[in-house]
Amino acid sequence: MAQDIHIIGGGLAGSEAAWQLAQRGFKVRLSEMRGSGEMTPAHQTDGLAELVCSNSFRSDDDTKNAVGLLHHEMRMLDSLIMRAGGVAQVPAGSAMAVDRDVFSAEVQKALEEHPNVTIVRERVDALPTSGMTIVATGPLTAQSLAQSIVQATGEERLAFFDAIAPIVHRDSIDMSKCWIQSRWNKRTEASNEDGDYINCPMTKEQYLAFHKGLMEGEKGEFKEWEKDTPYFDGCMPIEVMAERGVETLRYGPMKGVGLDNPYDTTEEHPQGRWPYAVVQLRQDNKLGTLWNMVGFQTKLKYGAQIELFRTIPGLENAEFARLGGLHRNTFLNSPLVLDRQLRLNNAPYIRFAGQVTGCEGYVESAAVGLMAGIMAASELAGREWRDIPRTTAMGALLAHITGDAQADSFQPMNVNFGLFPPLHEVHKKQRKEAYTNRAKADMAEWIAAGEPVPA
């Protein structure tokens with residue numbers, strides 16, 4: 001099949017870009033290294049759009065939450081990632097979490113069956129010298145291609161660490177010590193009777209001992225290229241958080257606020273009272289057989305993880321389907337090297353998409369892939385590109401990547417309302433809702449004015 005465009009990388013961004021282009025009638029060659037005998041340090045399979053860290057796309061609330069708004073906008077533009085996420089969804093309170101295997105299979109099936117997509121299992125070692133291209137190789141770009149990107153941009157790579165949380169077999173959790181509840185009892189319609197999270201409570205003594213174990217536990221050695229690489233706060237290893245102070249975890253992933261401990265009841269608190277600290281586990285697959293430890297990304301060695309995590313009440317006999325790990329994330333200094341359409345300034349036939357552009361998060365990565373796809377489709381169709389409104393979640397994220405951020409201090413960013421044009425005239429308590437209402441109206445108007453969305 002003759003190709004109109006070459007997409008390098010079959011992760012979330014590359015898969016989404018391929019879908020957007022194929023749905024608009026363009027022939028796509030999608031190159032994916034995994035499946036050709038190559039593998040990255042973090043992936044476990046050769047499936048397209050494999051989720052290597054959490055299984056959560058975070059909040060699905062599109063009324064007062066920036067990432068939930070991004071979900072909404074992507075659905076308006078026929079996002080494959082949102083489609084597959086809906087099929088693979090598992091209970092997670094107000095968040096959108098998925099069975100990672102079902103999700104990847106849904107994405108791959110849609111692209112394999114599309115007549116306009118050819119998936120090629122191959123490693124691409126250098127940027128092409130001609131032909132419209134989207135590079136969506138993500139944080140684990142192969143060394144040879146990464147070096148080619150460095151040479152093309154004239155910039156040294158930036159990097160930070162990204163971490164993976166452990167996954168526990170559900171039947172190895174002692175539910176006589178844990179209970180199921182969503183914080184503040186918020187949960188999805190797909191929830192079980194009580195909520196979406198397994199909660200393992202800790203007393204003050206247990207928490208302090210656990211904190212001490214984190215501080216003293218044996219960690220993996222840093223490689224030479226890791227030593228001066230900063231962490232990203234959104235995926236911080238739990239032991240790094242612990243180093244910030246003994247109370248840090250209790251105000252982060254181990255906070256007990258909003259959770260009623262049924263094992264600690266009094267006459268004053270007949271429903272139980274908030275535990276001193278809590279470890280939460282979230283369902284990781286459709287069957288409910290695997291649960292991940294929320295916020296427990298770690299660089300602890302495997303033996304140290306097993307020993308320490310089995311001190312958590314309810315996890316004394318835990319069997320781990322996967323232990324935590326850490327890998328490096330690489331990204332461009334995008335405000336300096338990319339234009340407003342994600343094109344490389346000195347080679348505009350090449351676009352970049354996904355985490356390699358400096359966005360952070362599954363949904364953001366896919367959203368940038370979506371934007372790269374429709375931008376490329378517009379160019380291939382000979383249409384003048386109309387900027388996505390800056391007031392939308394996608395427009396705000398794009399603006400951060402391609403120019404609003406300072407090039408000399410550019411760092412990866414999740415979508416958040418701080419990226420949106422401010423609404424100072426709106427009362428602070430109503431501001432998030434006002435941001436989402438404005439964004440929805442502006443995105444609908446932008447689509448109605450001429451952006452073709454496949455039926």
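Annotations
- The conditions of being basic (Lys, Arg), at pLDDT 95 or above and more than 30 Å from GLU218 (Cβ to Cβ) are not met by ARG383.
- Positions within the range 139-159 being surrounded by 21 or more Cβ atoms within 10 Å (Cβ to Cβ), at pLDDT below 80 and either within 22 Å of ASN346 (Cβ to Cβ) or in the same structural domain as GLN297 (by the TED database) (or both), in sequence order: THR141
- On inspection, ASN317 fails the criterion of being of a type in the set (S, T, N, Q), free of Cβ contacts under 8 Å to residues at least 24 places away in the same chain and surrounded by fewer than 22 Cβ atoms within 10 Å (Cβ to Cβ).
- Take the conditions (1) touching a strand residue (DSSP E or B) at 6+ places or on another chain (Cβ under 6 Å); (2) assigned by the TED database to the domain that holds MET202; (3) crowded, with 18+ Cβ neighbours inside 10 Å; ALA372 misses just one of them, which is (2).
- First in the range 48-61 and under 14 Å from MET82 (Cα atoms) and of a type in the set (Gly, Ala, Ser), second anywhere and part of a strand (DSSP E or B) and open to solvent by less than 30 Å² (accessible area, probe 1.4 Å), Cβ under 6 Å, 6 or more apart: SER56/ALA95; SER56/ALA97; SER59/ALA95
- Residues of the range 98-127 that turn out to be assigned to a helix (DSSP H, G or I), within 30 Å of GLN181 (Cα to Cα) and of a type in the set (A, V, I, L, M, F, W, C), as a count: 3
- Hits in the range 429-447 (condition: touching a Leu at 6+ places or on another chain (Cβ under 9 Å) and among the aromatic types (Phe, Trp, Tyr)): TYR435
- Screening LEU326 against (1) at pLDDT below 85; (2) crowded, with 16+ Cβ neighbours inside 10 Å; (3) over 19 Å from the mean Cα position of the chain (by Cα) leaves a single unmet condition, (3).
- Checked against the criterion of being among the basic types (Lys, Arg), more than 27 Å from ARG24 (Cβ to Cβ), open to solvent by 30 Å² or more (accessible area, probe 1.4 Å) and not assigned by the TED database to the domain that holds ALA318, the candidates ARG123, ARG83, ARG170 yield just one match: ARG123.
- So ALA444, is it buried (at least 19 other Cβ atoms within 10 Å of the Cβ), modelled with pLDDT of 95 or more and either farther than 20 Å from GLU16 by Cα or assigned by the TED database to the domain that holds ARG24 (or both): no
- Members of the range 326-348 found to be touching a Pro at 6+ places or on another chain (Cβ under 8 Å) and part of a strand (DSSP E or B), listed by number: LEU326, HIS327, ARG328, ASN329, THR330, PHE331
- Where ALA95 falls short, out of the listed (1) surrounded by fewer than 21 Cβ atoms within 10 Å (Cβ to Cβ); (2) in contact (Cβ under 8 Å) with a residue 24 or more places away in the chain: (1)
- The set of residues from the range 329-358 being at pLDDT 90 or above and either charged (D, E, K, R) or closer than 19 Å to THR298 by Cβ (or both) comprises ASP339, ARG340, ARG343, ARG351.
- Whether a residue is at pLDDT 90 or above and in the same structural domain as ARG340 (by the TED database) was assessed, and ALA405 does not pass this test.
- Filter pass, MET1 being surrounded by 20 or more Cβ atoms within 10 Å (Cβ to Cβ) and at pLDDT below 95: no
- Applying the set (1) open to solvent by 10 Å² or more (accessible area, probe 1.4 Å); (2) at pLDDT 95 or above; (3) not hydroxyl-bearing (Ser, Thr, Tyr) to ARG431 leaves exactly one unmet item: (2).
- Flag for GLU307 being modelled with pLDDT of 95 or more, part of a loop (DSSP other than H, G, I, E, B) and more than 14 Å from ARG170 (Cβ to Cβ): no
- For the range 244-263, taking the residues that are under 24 Å from SER172 (Cβ atoms), more than 21 Å from the chain's Cα centre (by Cα) and open to solvent by 20 Å² or more (accessible area, probe 1.4 Å), the one that is modelled with the highest pLDDT is identified as PRO262.
- Residue check: PHE296 meets all listed conditions (1) open to solvent by less than 10 Å² (accessible area, probe 1.4 Å); (2) out of contact with any helix residue (DSSP H, G or I) (no Cβ under 6 Å at 6 or more places or on another chain); (3) within 23 Å of ASP171 (Cβ to Cβ) but one, namely (2).
Residue-wise test of (1) in the same structural domain as ASP174 (by the TED database); (2) under 24 Å from PHE26 (Cα atoms); (3) under 23 Å from the mean Cα position of the chain (by Cα).
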{"site": "ALA304", "(1), (2), (3)": "yes, no, no"}
{"site": "PHE320", "(1), (2), (3)": "yes, no, yes"}
{"site": "LEU380", "(1), (2), (3)": "no, yes, no"}
{"site": "ASP387", "(1), (2), (3)": "no, yes, no"}
{"site": "THR391", "(1), (2), (3)": "no, no, yes"}
{"site": "ALA396", "(1), (2), (3)": "no, no, yes"}
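- Pairs, first at negative phi in the range 416-428, second part of a loop (DSSP other than H, G, I, E, B) and open to solvent by less than 100 Å² (accessible area, probe 1.4 Å), C-beta under 7 Å, six or more apart: PHE420/THR391; PRO421/ARG390; PRO421/THR391
- Out of ALA88, ALA105, sole residue that is at pLDDT 95 or above and open to solvent by 10 Å² or more (accessible area, probe 1.4 Å): ALA105
The values are calculated or read from the model by the stated rules, or taken from the named source; none is laboratory data. The shown structure was predicted, so the numbers you read here are calculated from the model rather than taken from an experiment. Every residue, glycine among them, receives a Cβ derived from its backbone with ideal geometry; neighbour counts consider all protein chains shown. Side chains are part of the model used for accessible areas, which takes the heavy atoms of the whole protein and leaves out ligands, DNA and RNA. Shrake-Rupley method; radii C 1.70, N 1.55, O 1.52, S 1.80 Å.
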